[in-house]
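Notes for the one structure printed next.
Just so it is clear, none of the values below were taken in a lab; they were calculated from the coordinates. Quick caveat: nothing in here was measured; it's all calculated off a predicted structure. Cβ placement follows ideal geometry from the backbone for every residue including glycine, while neighbour counts extend to all protein chains displayed.
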Amino acid sequence: MAEPLKAVYNEDFLRQFSERVHAVYNAFDRSGFIGNVIDNTWDGLALKARMRRIAVMLGRYVPARYEEALEILFSIDEDCIGFPYLFFPEFVAVYGQAEEHWVLSMKALERFTAKSSAEFAVRSFLLRDPARMMCQMEKWSKHPNEHVRRLASEGCRPRLPWGEALLMFKRDPAPVLRVLELLKADPSLYVRKSVANNLNDIAKDHPAIVIETARRWKGVHSYTDWILRQGCRTLIRKADPEAMALFGYGEAVLITYASLSVEPPVLPMGGSCELRYELCIQEGDSLRIRIEYGIDFVKSRGRTSRKMFLLSDKTVPGGAQLSSRRTHRWLDLTTRRHYPGEHRISLLVNGREVAYTVMKLEADNKENGIQRRLR
């Protein structure tokens, strides 16, 4: 089993970091810092809690004056690059909120985001003063560095994973859309992915606003069209009629034949099955089709929850005969756990079910043995 992401923050990592700080700040108490970070609660802390612990404790062992503390971090940040150093911008979020620190904190977030990411740290500033911070985001959206431009979008995503939800933007996304407007044809794919994810966040609360935005932006630039397709992906998965029409999916694809099969039909937990499908499209003009399969996963209390998986998304000629196969693995994930029972598997074309089959997932041998002993 892969090590959890939080394991990156271990004693060896903290020791190496402490040596870097000590090299530029001789008064830094390395053993005291490490000892207070890794206390008896450390093992139970999740990833973000560990980031926060490191940032908080760092502030206790560098100069109390914020400006001096940041100078120490500025002097070593060229050697502190990548995901593990997200606690640099977190330090700014913890100690740089005072009014007199605003300019310096913005400089620090701008600098640190290019080396790791300030997408989480910036949210505390947004929650404290959203209007002022969104003005800053608009400035960052025009920055020559793609990492800073990405921060302008990623930092204000209403539903950023792992980030605190921005309820004010879930209610009214207008300030966010003003920033995205400035980034809708950004030359950096890194930035465009963020803009698309932000739009997708907004679509979950305000589908009509995203559809209206897509109508205005469509055709502006090939980069913008890519953003829109990605940003409307949740609406397309839900077969929203307006989204489907906007992206050229026919409302009623006439299927003359459709089949879906699964092999094997009974599978142990953690195994794999093969799905096979066949489709025949009615004669006529070419049309855009999106082929998906949906699994109604059995949950712990017997209820089901559907998850969609894309098979194909393309333009096909009238009369086309399509067939393919896909291997599906029933392994537990951090975001999904599997339970035994009958799972309904559907084949959908442009959001409409055209065939289905059923597969039974069985508990593994160890679980079966426990159940037999309990009878």
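A compact table of results
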{"read-out": "Percent of beta bridges antiparallel (DSSP, the chain, rounded to nearest 5)", "value": "90"}
{"read-out": "GNM top mover of 206, 221, 328 - the chain, alpha-carbon springs below 10 Å", "value": "328"}
{"read-out": "Additional length obtainable on full extension of the chain from residue 321 to residue 280, 0.36 nm per residue less Cα span", "value": "14.3 nm"}
{"read-out": "Charged-residue dipole, Cβ positions (Lys, Arg, Asp, Glu), region 216-359 about Cα centre, Debye nearest 20", "value": "680"}
{"read-out": "DSSP-defined antiparallel bridges as percent of all bridges, region 255-374, nearest 5", "value": "95"}
{"read-out": "Exposure proxy ranking, count of Cβ atoms within 10 Å, fewest first, for 66, 190, 25", "value": "190, 25, 66"}
{"read-out": "Selected from 69, 134, 80, residue furthest toward positive end of dipole (region 1-137; charges at beta carbon)", "value": "134"}
{"read-out": "Volume per residue of the C-alpha convex hull in region 5-246, rounded to whole Å³", "value": "124"}
{"read-out": "Which of 203, 166, 190, positive extreme of dipole for the chain (C-beta unit charges)", "value": "203"}
{"read-out": "Calculated P(r) tail over 13 Å for region 82-136, as whole % of Cα pairs", "value": "53"}
{"read-out": "DSSP H segments from the chain that extend 24 Å or more along their own axis, Cα-based, with Kyte-Doolittle mean of -0.5 or above", "value": "189-205"}
{"read-out": "Part-to-part distance (alpha-carbon centres) for region 225-293 and region 154-168, which is given in Å", "value": "30"}
{"read-out": "Cα gyration tensor of region 227-375 - equivalent ellipsoid semi-axes, whole Å, descending", "value": "34, 17, 11"}
{"read-out": "Within region 3-118: Cβ-based charge dipole about Cα centre, in debye rounded to nearest 20 (Lys, Arg +1; Asp, Glu -1)", "value": "220"}
{"read-out": "The chain: most fluctuating residue of 240, 39, 29 per GNM, C-alpha cutoff 10 Å", "value": "39"}
{"read-out": "Ascending count of other beta-carbon atoms within 10 Å, so fewest first, for 127, 246", "value": "127, 246"}
{"read-out": "Listed residues 41, 234, 213, most fluctuating in the chain (Gaussian network, C-alpha, under 10 Å)", "value": "41"}
{"read-out": "13, 87, 120, 169 arranged by Cβ crowding within 10 Å, fewest neighbours leading", "value": "13, 120, 169, 87"}
{"read-out": "Simple Cβ-charge dipole of the chain, Lys/Arg +1 and Asp/Glu -1, about Cα centre, in debye nearest 20", "value": "980"}
{"read-out": "Semi-axis lengths (Å, descending) of the ellipsoid that matches the C-alpha gyration tensor of region 200-299", "value": "31, 20, 11"}
{"read-out": "Chymotrypsin sites (Phe, Trp or Tyr not before Pro) restricted to DSSP loop in region 231-333 with at most 12 other C-beta within 10 Å", "value": "none"}
{"read-out": "Over the chain: helical MRE at 222 nm, DSSP H runs n ≥ 4 each giving -39500 (n - 2.57), nearest 500", "value": "-13500 deg cm²/dmol"}
